[in-house]
Amino acid sequence: MLADLQTYSLADFLPFSREVYLRLLERIHEAIFPWQAAALMAGMLVILCCWHQKQRPALILLAGAWMSVGIIFHIGFFSELVWAAREFAYAFFVQAGLLLILAIRTPATGTAGGLSFFTGWLLLVFSVVAFPLLSLLQTQRLLQSELFSVMPDPTVIATAGVFCIFRHKNPLLFFIPLLWGLVSSALAKALGHFSGFSVVLALALILMAGLLDTIKAMIKTRY
């Protein structure tokens, strides 16, 4: 029995194939057209807010993006393939609520610096600008690209980037992004689709940058 189980891969336990998933992305684009322009504009507004260190509007925009992904991606389409998609949607709604609470409780503006700051900017620009292009390079189809505030992976990475830029380190804020990163990585491994691995890689970069900043601060304090 155990020997038989070892012959299976994760993909064998999924109720859908890579082709079905990519077709799902196409259907989302077809359904929301022409709101892709609004999604891209939302991402650019988040970048603009961070550039001017306006963290409150940036967090509010991120909350809207998490709500949008929960409704459009998880409930609207992913629920057709995965029974737990609605639970994922509820988790995304909870994250949206946490972002709104954070927006209310933090100053309207903020400052940051160090390696975490630059890592945050790298992740934010990657998620909004480069992520759809990388999807396009992998699939060679524009309708299979993944956009911030429409698909979960770029939205999670953008959020992690903003947390880095403004130095929000509360573990509660990272719990749902990490949870989705693990789910998305499992899907990526099973389907041969790169995007899920990028979420975990982004969170690992944040952890590494934060650790290096902490070590640097300790050395500076000591000497």
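Descriptive notes on the structure:
- Shape category assigned to region 45-158 from the gyration tensor of Cα positions, a/c cut at 1.5: oblate
- Taking all protein chains together and rolling a 1.4 Å probe, Trp121 ends up with roughly 40 Å² accessible.
- Across region 197-207, coupling constants 3J(HN,Hα) worked out from phi with the 6.51/-1.76/1.60 Karplus curve, θ = phi - 60°, read 5, 5, 5, 5, 4, 4, 5, 5, 4, 4, 4 Hz, and Gly and Pro carry x.
- In this structure His29 has an accessible area near 10 Å², from a 1.4 Å probe over the protein heavy atoms.
- Accessible area (Å², 1.4 Å probe, nearest 10) - Ile219: 90
- Relative contact order [Cα under 8 Å, 6+ residues apart], region 26-181, whole percent: 30
- Which of Leu203, Leu124, Leu136 is most accessible, then next, and so on - probe 1.4 Å: Leu136, Leu203, Leu124
- Accessible area per residue (1.4 Å probe, heavy atoms of protein chains only) ranks Val94, Val46 as Val94, Val46, with the largest value leading.
The values are calculated or read from the model by the stated rules, or taken from the named source; none is laboratory data. Predicted model only: the values in this text are computed from it and were never measured. Remember, those area values only see protein heavy atoms, side chains included, never the ligands or the DNA or RNA. Shrake-Rupley method; radii C 1.70, N 1.55, O 1.52, S 1.80 Å.
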